[in-house]
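These notes concern the structure reproduced below.
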Amino acid sequence: NAGVTQTPKFQVLKTGQSMTLQCAQDMNHEYMSWYRQDPGMGLRLIHYSVGAGITDQGEVPNGYNVSRSTTEDFPLRLLSAAPSQTSVYFCASSAWAGGLNEQFFGPGTRLTVL
Amino acid sequence: KNEVEQSPQNLTAQEGEFITINCSYSVGISALHWLQQHPGGGIVSLFMLSSGKKKHGRLIATINIQEKHSSLHITASHPRDSAVYICAAHLLSSGSARQLTFGSGTQLTVLP
């Protein structure tokens, strides 16, 4: 199993550009989520999904869109990048199986918006 | 005020020392995770617990639901334990039972 994969590892954007951060998992996990990590702050939830076709907003959803067309993939779209979106982004997944389970994290994407 | 708070923010220890990192939360939870973030940035899960105590090698995690407090202990610490340790809780007040609220992390440095 590859676990949770994210691409790209690093990205530099100019203000106003759009891009998609890719996330995929091969563990057939129902729950997938996107977080951002900023210095001095805990990880904050951007969007999450409890299964294919179902997404919902987290704590800091503004400026980001998600979709979940398959169980495996959960891309995060930045529609018009802003310097405030400079951060490290982590995708995570977990199984449900009737209860809470271990979280698996991707390696992260370091995004800089100029 | 963050609903999940960790202490200390930074901790420096000598190799071999016993280390304790604390996590407290302000509302009821269904479970709590301890995570380790390596210097390279990757995050791995150490423990998930909802009661009592769990042990894996030199790491021990405890939780007291009534006192809203959890601790992560490292026995016989080693420089390779140097990392950021993060607690994260499934708060009963969250929109979804599977949502996690994170502490801001504890930077541990173990000196040889």
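We did not get these values from a lab; they are worked out from the coordinates using the rules stated. Just so it is clear, the model here is predicted, and its values are computed rather than measured. Here the Cβ positions follow ideal geometry from the backbone for every residue, glycine too, while neighbour counts run over all protein chains shown.
General remarks:
- Our summary gives chain A a relative contact order of 35 percent, counting only alpha carbon pairs under 8 angstrom and 6 or more residues apart.
- Theoretical gain in end-to-end length, residue B:7 to residue B:20 [0.36 nm per residue, Cα-Cα removed]: 3.8 nm
- Taking only the Cα atoms of region A:1-63, the radius of gyration and Dmax are 13.2, 37 Å.
- Label-point separation in nm, residue A:1 to residue B:30, each point 7 Å along Cα→Cβ: 2.0
- Contour excess over end-to-end distance, with Cα ends at residue A:82 and residue A:10 and 0.36 nm allotted per residue: 24.3 nm
- Packing-based ranking, highest mean first, of A:103-109, B:52-58, A:24-30 given that Cβ atoms within 10 Å are counted: A:103-109, A:24-30, B:52-58
- Partner chain coverage, peptide B:33-42 - average Cβ within 10 angstrom: 3
- Averaged over A:42-50, number of beta-carbon atoms from partner chains that fall within 10 Å: 5
- Computed from backbone phi with θ = phi - 60° and the Karplus coefficients 6.51, -1.76 and 1.60, the 3J(HN,Hα) list for region A:102-114 is 4, 9, 10, 10, x, x, x, 10, 8, 10, 10, 10, 8 Hz; x is used for glycine and proline.
- In Å, descending, principal axis extents of the Cα set of chain B: 44, 27, 23
- Here the Debye sum runs over all C-alpha atoms of chain A as equal scatterers in vacuum, and log10 of I(q)/I(0) at q = 0.10, 0.15, 0.21, 0.22 Å⁻¹ comes out as -0.26, -0.59, -1.14, -1.24.
- Packing-based exposure ordering (other Cβ within 10 Å, fewest first) of B:26, B:51: B:51, B:26
- Ordering B:104, A:33 by the number of other Cβ atoms within 10 Å of each residue's own Cβ, fewest first, gives B:104, A:33.
- For the protein assembly as shown, the fraction of alpha-carbon pairs lying more than 31 Å apart is 21 percent, rounded to a whole number.
- Distance between region A:1-69 and region B:69-102 - C-alpha centres, whole angstrom: 20
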